[in-house]
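Quick note: the coordinates plus some simple rules give every number you see, no bench work behind them. Keep in mind it's a predicted model, so treat the numbers as computed, not measured. Positions of Cβ are generated from backbone atoms using ideal geometry, with glycine treated the same way; all protein chains shown enter the neighbour counts.
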Amino acid sequence: MADYSKYSDEELFGLLKQDDQKAYLEIYDRYKVLLQNHAIRKLTDMDDVEDILQELFIDLWDKRAAIYLTTGLVNYLYTAMRNRIFNHFYKKQREGNYLNSLVAVIERGEYVTDLALREKEYTEIIKAEIDALPERMREVFLLHRNEGLTYKEIAEQLGTSELTVATQVKKSLKTLRLRLGATGFSMFI
């Protein structure tokens, strides 16, 4: 039985590529602590360190046939660890940004939804009070407020005097303020 601890990194990696599990275990034993110490200097959470280390060695086994070393096994492992640490920070940042965005959307969404509901309720109450105005007064009010017509244009359209139109608008506003004043909606008129 061969003593794998005496093999060089290149020999171990060659055996690993031939599906030698003992070579894999020797690489793990040889570099686990070094890589772990390297990760501990960058990460504060030991669980994250262990997860990243485990993923690195799982990928080493899973992708052994596709890996080609250009700078040696130790350099490959350190680079893989460094990249995984960067990816970890990037993922955490993305998750943090996503959570912050989600919280903002939820908060803003609830506010917008609540505001939209209140606006709809206010609009319905005001519309009901406008509908309760006498017909001619309602017509003059709507032409002035909704259509944006001047007193003169309304007077011409309805065949009445500007003074009558002005009086109708003032009376409609006074009536609506009185009716809506108790509900607090008079400010919307």
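Observations, loosely collected:
- Charge sum, other residues only, whose C-beta stays under 12 Å from Glu147's C-beta, Lys/Arg counted +1 and Asp/Glu -1: -1
- Labels on offer are (1) 23.8; (2) 16.8; (3) 17.4, and the one holding Kirkwood radius over Cα pairs in Å computed from this structure is (1).
- 28 Å Cα-Cα reach of Lys120 towards lysines, excluding residues that sit fewer than 8 places from it in its own chain: Lys170, Lys171, Lys174
- Degrees separating the helix 162-181 axis from the principal Cα axis of the chain, which is the longest one: 50
- Positive contributions from Lys and Arg (+1) and negative ones from Asp and Glu (-1), summed over other residues with Cβ under 13 Å from the Cβ of Val169, come out at +4.
- For the range 66-100 versus the range 8-48, the spacing of their alpha-carbon centroids is 15 Å.
- Helix 135-145 vs. the chain, principal-axis angle (Cα, 0 to 90°, nearest 10): 50
- Rule-of-thumb Rg ratio for the range 4-98 [Cα; 2.2 N^0.38 Å; N residues]: 1.15
- Coordinate range of the alpha-carbon atoms in the range 1-47 per principal axis, descending: 40, 19, 17 Å.
- Cα→Cβ-extended label distance, 7 Å offset, between Phe86 and Lys22, nm: 3.8
- Extension gain, Arg64 to Val33, is 9.1 nm, computed as 0.36 nm per intervening residue step minus the present C-alpha separation.
- Each helix, a run of at least 4 DSSP H residues, gives -39500 (n - 2.57); summed and divided by the residues of the chain, these come to -27000 deg cm²/dmol at 222 nm.
- FRET efficiency, Ala128 to Lys170 (Cβ-Cβ, R0 25 Å, nearest 0.05): 0.75
- 0 to 90° range, to nearest 10: angle between helix 73-131 axis and the chain longest Cα axis: 10
- Reachable lysines, given that their alpha-carbon falls under 28 Å from the alpha-carbon of Lys91 and they are not under 8 places away in the same chain: Lys32, Lys42, Lys63
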